[in-house]
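The values are calculated or read from the model by the stated rules, or taken from the named source; none is laboratory data. Note that the structure is predicted; figures quoted are calculated from it, not measured. Please note: Cβ atoms are built from the backbone with ideal geometry, for glycine as well, and neighbour counts cover all protein chains shown. The area values use the complete protein model at the heavy-atom level, side chains included, leaving out ligands, DNA and RNA. Shrake-Rupley method; radii C 1.70, N 1.55, O 1.52, S 1.80 Å.
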Amino acid sequence: PEAKRAIARAAVELVEDDTCVILDAGTTTLELAKLLFNRRLTVVTTDLQIGLLLAQAPHVDVHLTGGRIDPVSGGCLGTHALECLGSIHATVAFIGTNVWDPAQGVTTSSAEKMHLKRRMMERACCGVLLADSSKYGNFSTWRLAGLDGFGWIITDGGLAPEARAEATAAGASLRVAE
């Protein structure tokens, strides 16, 4: 939990007031949402918990994408979510992941999630991966992007120096949250 909070603190520095941000479903993006509560923003999210949290925020205009609810992540999936995301333009999209690897890039467990995360990145000026160090060095079936496909990858200080060098060599622009 502390690693996720540190990543969220680093990520919030990339958010400017009076802009639109996309928040992917996940526990790290939920930590970021908590830090956005008192900001003036438009937030588009696939995450039910994030939507409910920010619906109480005084100056956040929050939009849920809709779609089928993934029972594991609590996130919206499917064509409704893709269509909603296709109609917006955001300054930054914060993407979560379960796995990331210098050779395989950022992967996910289903084609449906891969397409949704890609759409988030396509609809933002900058895609930012929020990935804690415990998820490094693993990969799944469906490739979202190489590490060089993100404007920033924000991780925690638990990422070993060798892993930092590997990720940077793979094209990652790392921000390490201490």
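Could you pull out every one of the strands (runs of 3 or more DSSP E) wholly within segment 61-178 that has 1 or more residues that are within 19 Å of Ala25 (Cβ to Cβ) and under 15 Å from the mean Cα position of the chain (by Cα)?
So the answer is 90-96, 99-101, 105-108, 124-130, 142-145, 152-156.
Of all residues being more than 15 Å from Gly96 (Cβ to Cβ) and among the hydroxyl-bearing types (Ser, Thr, Tyr) in segment 133-178, which is least open to solvent (accessible area, probe 1.4 Å)? Just the residue, please.
Across segment 133-178, the extreme among qualifying residues is Ser173.
Just to verify a result, which residue in segment 77-109, among those that are surrounded by 18 or more Cβ atoms within 10 Å (Cβ to Cβ) and among the hydroxyl-bearing types (Ser, Thr, Tyr), is nearest to Leu23 (Cα to Cα)?
Top of the filtered list is Thr97.
Out of (1) without any contact (Cβ under 8 Å) to a residue 12 or more places away in the chain; (2) over 19 Å from Arg123 (Cα atoms); (3) among the hydroxyl-bearing types (Ser, Thr, Tyr), the odd one out for Ser87 is which?
Of the numbered conditions (1) without any contact (Cβ under 8 Å) to a residue 12 or more places away in the chain; (2) over 19 Å from Arg123 (Cα atoms); (3) among the hydroxyl-bearing types (Ser, Thr, Tyr), the odd one out for Ser87 is (2).
If Thr19 satisfies every condition in (1) under 16 Å from the mean Cα position of the chain (by Cα); (2) closer than 20 Å to Gly127 by Cα but one, which is the exception?
Unmet condition: (1).
Anything in segment 1-25 that is crowded, with 24+ Cβ neighbours inside 10 Å and touching a Gly at 6+ places or on another chain (Cβ under 7 Å)? List them, or say none.
Listed by number, the residues that qualify are Asp24, Ala25.
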